[in-house]
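Below is one structure, written out as structure tokens; the observations come after it.
The values are calculated or read from the model by the stated rules, or taken from the named source; none is laboratory data. Worth saying up front: this structure is predicted, and the values here are computed from it rather than measured. So basically every Cβ, Gly included, is an ideal-geometry build from the backbone, and we count neighbours across all protein chains shown.
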Amino acid sequence: MENFTNSVILPVNLPEIDSRDFNPLNRKYLIILAIRIVVLFLISAGGLAAFLILSDEKPPLWIILSVVAFIFLLIATSALLTFLGFPKKGYLVREKDVSFQRGLITHRVTSVPLNRIQHVEVSQGVLAKILGLSTVNIYTAGGNSSDLSIPGLPVDEAKRVKAFLSGKISDYE
């Protein structure tokens, strides 16, 4: 019978993930993010316009101006956070895991051990296809949605990441 051990690992001995090691996303992905913000604005403005056109009683001007100001504040904040946060996004593939970092206000790093990956796929939306970008979706056991998505990769880079990760999956089977 094998002896069970569960040694303590001190925080100073833990492996470090350095933000400088992360690979940046392709800058063309900013176009997709900007289009999403424009669509949010158009939906918000369209909703307000439809409300004003279809309502029997027009609200006071100060309410309309307040709603318009709120929409512009929402869009401006979203755009600012998106564009300032973009350089903080990146991915890292190491010999035993793959990680994705994001976040301007709250920084998050999600890591998936390679031996837990069940499936890897490359997907493209309409805009991504036009811009020559793809998303690598990484699935682990026990879920229908991907556990880690790496958007904004050039198609050939996404295929290389998928091929590498798929090769590692077969190593662990």
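For segment 43-64, give me each residue that is surrounded by 12 or more Cβ atoms within 10 Å (Cβ to Cβ) and either in a helix (DSSP H, G or I) or touching a strand residue (DSSP E or B) at 6+ places or on another chain (Cβ under 9 Å) (or both).
Ser44, Ala45, Gly47, Leu48, Phe51, Leu52, Ile64
Tell me whether segment 88-97 contains one or more residues that are at negative phi, touching a strand residue (DSSP E or B) at 6+ places or on another chain (Cβ under 7 Å) and assigned to a helix (DSSP H, G or I).
Yes, segment 88-97 contains at least one residue that is at negative phi, touching a strand residue (DSSP E or B) at 6+ places or on another chain (Cβ under 7 Å) and assigned to a helix (DSSP H, G or I).
Take the residues in segment 126-144 that are in contact with a strand residue (DSSP E or B) (Cβ under 8 Å, 6 or more places away or on another chain) and assigned to a loop (DSSP other than H, G, I, E, B); name whichever of them is nearest to Pro24 (Cα to Cα).
Of everything passing the filter in segment 126-144, Gly132 is nearest to Pro24 (Cα to Cα).
Would a scan of segment 92-106 turn up a residue that is assigned by TED's automatic domain parsing to the domain that holds Lys168 and small (Gly, Ala, Ser)?
Yes - at least one qualifying residue is present in segment 92-106.
Output the residues belonging to segment 126-145 that are at negative phi and in contact (Cβ under 8 Å) with a residue 24 or more places away in the chain.
Residues satisfying the conditions are Leu127, Ala128, Leu131, Leu133, Ser134, Val136, Ile138, Thr140, Ala141.
If we keep just the residues of segment 2-37 that are outside any loop (DSSP other than H, G, I, E, B) and either in contact with a Ser or Thr (Cβ under 7 Å, 6 or more places away or on another chain) or among the small types (Gly, Ala, Ser) (or both), which is nearest to Val98 (Cα to Cα)?
At the first step, the residues of segment 2-37 found to be outside any loop (DSSP other than H, G, I, E, B) are 11-13, 19-21, 23-24, 29-37.
Among the residues that remain, those that are also either in contact with a Ser or Thr (Cβ under 7 Å, 6 or more places away or on another chain) or among the small types (Gly, Ala, Ser) (or both) are: 19, 33-34, 37.
Values: Ser19: 13, Leu33: 23, Ala34: 27, Ile37: 29 Å.
If we take residues in segment 2-37 being outside any loop (DSSP other than H, G, I, E, B) and either in contact with a Ser or Thr (Cβ under 7 Å, 6 or more places away or on another chain) or among the small types (Gly, Ala, Ser) (or both), then Ser19 is nearest to Val98 (Cα to Cα).
When you go through (1) surrounded by fewer than 13 Cβ atoms within 10 Å (Cβ to Cβ); (2) part of a loop (DSSP other than H, G, I, E, B) one by one for Leu73, which number turns out not to apply?
(2)
Checking Ile43 against (1) closer than 26 Å to Asp156 by Cβ; (2) not assigned by TED's automatic domain parsing to the domain that holds Lys162, which single condition isn't satisfied?
It fails just one condition, (1).
If I ask for residues that are within 20 Å of Ser166 (Cβ to Cβ) and either surrounded by 15 or more Cβ atoms within 10 Å (Cβ to Cβ) or hydrophobic (A, V, I, L, M, F, W, C) (or both), which ones from segment 85-109 would you list?
Step one: list which residues in segment 85-109 are within 20 Å of Ser166 (Cβ to Cβ), which gives 91-100.
The answer is Tyr91, Leu92, Val93, Asp97, Val98, Ser99, Phe100.
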